[in-house]
There are 2 protein chains.
Amino acid sequence: MLTHSQIWRGVDRLAERTGLSPSGLARQAGLDPTTFNPSKRISADGTKLRWPSTESIAKALAAARLGFEDFAALAAGAAGGRSVPLIGFAQAGSHGYFDDAGFPVGAGWEEVRFPGVDDEDAYALEIAGDSMAPVYRDGDRIVVAPHAAPRRGDRVVVKTRSGEVMAKELGRVTNQSVELVSLNPAYDNRVLDTADIVWMARIVWASQ
Amino acid sequence: MLTHSQIWRGVDRLAERTGLSPSGLARQAGLDPTTFNPSKRISADGTKLRWPSTESIAKALAAARLGFEDFAALAAGAAGGRSVPLIGFAQAGSHGYFDDAGFPVGAGWEEVRFPGVDDEDAYALEIAGDSMAPVYRDGDRIVVAPHAAPRRGDRVVVKTRSGEVMAKELGRVTNQSVELVSLNPAYDNRVLDTADIVWMARIVWASQ
DNA sequence: CTTGGAAAAGGAAAATAGTCCTGCTATGCA
DNA sequence: TGCATAGCAGGACTATTTTCCTTTTCCAAG
């Protein structure tokens, strides 16, 4: 289902998100500034609805650097949610996939959409192996938000200076050290020096 | 980003999903059967791309009874994922929200989209209270798939004949009884008679 | 092989969206 | 206050899409 008001709301929200007015968005997209004018959303005599063309939508999306799925979410009205890239957990440890701040770099990953994830730099990891069982099993996918400030009891993904990437539950945190409680009882808890932690990201979703 | 090939792929997949050809879909939508013809996707001289109008897309979606977000998912190419309704866990126990087979009834819930959920009748629940801690905390959201066959070790939501709705881990299953392992150690495990279980749905995603 | 139906190609007319233009209003700046 | 700029309304014109028409291709049933 797609209604006339939905599609125009999508356009308005797209403009708002980009920090522009509807006419500003149109200009940015290389269209006539009046294309998205409220006065062009119904016919002159007021009897017929006017719809934007898909080509105009496509140009506006290119200008706003937003995906079609995200636009659909804006139009449908439901708030929140973002497309996040998905990579394998094993790869997460290797060089080249993350910058120093814990954000994934590069592209070409499968994109999946998640509700309630507003972190611009959120991404998904796929679990390999059973070292984190029973909480996370082989093949499970977790979505992590690097910008969220994790609190005690939250589950987090941590990358250390030595290049290790691991999922743990956050324990006691002091100025000098961070306690990481193992999710698998067979593995010991660890206490890392704050300086040894390259980045730490909170896990916000997990497949079961 | 929305490309010419994407939007037409979306139309083709929409038709396929509905069990129709592109021209059949157009007819069903009350449009001219040639509207979605491959020959109308580029100009006659082959130099210009032709795009379907938003209004035609809207009519096709109405005919196929599909939401705009789902269409965007089809167009973007990423497979899987569905819109699922969200309700509070407390309401889940009360009458009127679920039919006898465990499917949510009624509408008006907030819709959220999930990847990897192909179950037509999947829905999301919001956890209230800490009776399922530490695995599920107050405010967490879980996505359940009623059609998925749960196996031992899976986390499930169960509704009993007495109207109770609870989230547990599936234990030993026999012909007569089902063992449910409590997620919170403070609560006892339970063994239910198979006849007392109205429905059981597997938990596929959980916010952390 | 023939035949009926659906799908699609191709082209001209009709409908609709974008563009270009003018004018009005609100806002920010000197 | 005066001025420049952005946003929007309204109207005429242009470009594109849909519709309507005929013809061709494809496929399955007889």
Legend entry - Virtual spin-label span in nm between A:Val181 and A:His4, 7 Å along Cα→Cβ: 5.7
Inset, instruction - Could you please point out the chain B residue with its Cβ nearest to the axis of the rotation taking chain B onto chain A, and the distance in whole angstrom? - result: B:Ala72, 2
Inset, instruction - Between B:Ser162 and B:Leu49, take the C-beta separation as r, use R0 = 60 Å, and let me know the FRET efficiency to the nearest 0.05. - result: 0.50
Inset, instruction - Taking each label point as 7 Å beyond Cα in the direction of the beta carbon, state the distances from B:Gly171 to the same residue in the other copies, shortest first, in nm. - result: 2.9
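Using the count of nearby Cβ atoms within 10 Å as a rough guide to exposure, how do B:Tyr187, A:Tyr136 rank from fewest to most?
Details: B:Tyr187 13, A:Tyr136 24.
Ascending Cβ contact count within 10 Å gives the list B:Tyr187, A:Tyr136.
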Inset, instruction - Starting from a label point 7 Å past Cα on the Cβ side, list the distances from B:Asp188 to the same position in the other copies, nm, shortest first. - result: 3.9
Legend entry - Stretchable slack from B:Thr194 to B:Arg172, in nm (0.36 nm times residue separation minus alpha-carbon distance): 6.7 nm
Inset, instruction - For each of A:Arg152, A:Arg9, count neighbouring Cβ atoms within 10 Å of the residue's Cβ, then give the residues from fewest to most. - result: A:Arg152, A:Arg9
Legend entry - Two-site FRET efficiency, B:Asp32 against B:Arg151, from Cβ-Cβ distance with R₀ of 51 Å, rounded to 0.05: 0.50
Legend entry - Long-range HN-HN contacts of B:Arg50 with modeled amide H, under 5 Å: B:Ile42, B:Ser43
Inset, instruction - For the pairs A:Lys48/B:Lys48; A:Lys59/B:Lys48; A:Lys40/B:Lys59, note any where the Cα-Cα span goes beyond 23 Å. - result: A:Lys48/B:Lys48
Inset, instruction - Determine, for A:Ser21, A:Ser182, A:Ser43, the number of other Cβ atoms within 10 Å of each Cβ, and report the residues in order from fewest to most. - result: A:Ser43, A:Ser21, A:Ser182
Inset, instruction - Figure the gain on full extension for B:Arg65 and B:Ser39 (residue separation times 0.36 nm, minus the Cα-Cα span) and round it to one decimal in nm. - result: 6.8 nm
Inset, instruction - For A:Lys168, list the lysines whose Cα falls under 23 Å from its own Cα; do not include residues on the same chain fewer than 8 positions away. - result: A:Lys159, B:Lys168
Inset, instruction - Using the 7 Å Cα-to-Cβ label point, sort the distances from B:Asp45 to its equivalents in the other copies shortest first and give them in nm to one decimal. - result: 3.4
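All of the numbers you see were taken from the coordinates with simple rules; none came from a lab. All of these numbers come straight from a predicted model, not from anything done at the bench. Quick reminder, even Gly has a Cβ in these numbers, built from the backbone with ideal geometry, and neighbours come from all protein chains shown.
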